[in-house]
Each structure stands twice: as structure tokens, then as C-alpha cells.
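Let me begin by presenting the structure, written as C-alpha cells, before commenting on it.
The values are calculated or read from the model by the stated rules, or taken from the named source; none is laboratory data. Remember, predicted model here, so these are calculated numbers, not experimental data. Here Cβ is always computed from backbone atoms with ideal geometry, including for glycine, and neighbour counts include all displayed protein chains.
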Amino acid sequence: MDPAVEEINKNSKLDIDNLIYIPKKTGRKITAIEFRFKKRIRKESLSEEEIKTMNYFVAYGMSEAQALFLLQRLGYTEMYRRLNQMITFNSQYDNKDSPLYRRNVWFENISNNEIKNLGGFFYEKMFPELKNE
């Protein structure tokens, strides 16, 4: 049973995700098997706000599959909340005297260090759920 469940969970073309089974016992005998799963989110069925969120994160280095995974797991409000809480866009963008003038640079809010690879920052620090994807 386990190999079949693993194959179903690996198949991204199916409409279900995270399939698990729970054997129901009466005494020593298994009398039933209960299956639980989540409906997989599809790009075609996204709301307008979810599409905007996906396109926003894809533009900054995340793959579509990762963005869809996070939309399903967290929702777009939590994705934006983490983004605003952890990073800030270059505040010196329009300051002609600054060495950061007209540079598309992001900074980590905690340490105020420049983020060299925004996609890597998403993966490593902002969305640790992606590591277990």
C-alpha cells in the first residue's frame, strides 16, 4: 500500500495531493481503510488575487510550482505578510547622492544586509516550507 500512495503523491498531474491512508481496526482485523487527501490547486482555478501573487513571486525568482505550492499551503495573505516582514526594497532608489541610486536591491529587515539572490532568500529563510516540497 505504501508504494502506491508514494506514487500517487509524486504524480503532479493528479488533482489530489498529500494522500494518506488510515487502517480502521475491529479487534485485530483491519475492517476498513480511510483515505485522506487535499485537493491540488491548479493554475487555471486561481482567483485574480492569487494570480497576481503568483506572478509577483515568479518575477522575483520563484518557480511557478513553488508559488502554487505556497499558495496552497499558506495563502496569498501570509505570503505577502512574510515578504513585508522580512525584506525591504531599496529606500535610496531615487536619491541621486546615494551609491544605491536606481539599483533594484532588496535588504533583509533584521540585519539590513543586501540580499544578493532573492530566490535563494525565499527558499532558505522566508519560506522554509519549500525545503520539504
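Observations on the model:
- Sub-7 Å Cβ pairs linking a first residue in the stretch 40-66 that is on the phi > 0 side of the Ramachandran plot to a second residue that is small (Gly, Ala, Ser), at least 6 apart or interchain, are Gly61/Gly119, ordered by first then second residue.
- Only listed residue being hydroxyl-bearing (Ser, Thr, Tyr) and modelled with pLDDT of 85 or more, chosen from Tyr93, Tyr80: Tyr80
- Total residues in the stretch 15-62, condition within 30 Å of Gly120 (Cβ to Cβ) and either outside any strand (DSSP E or B) or at pLDDT 80 or above (or both): 23
- Index of the failed condition, Gln66 passing every other in (1) part of a helix (DSSP H, G or I); (2) at pLDDT below 80: (2)
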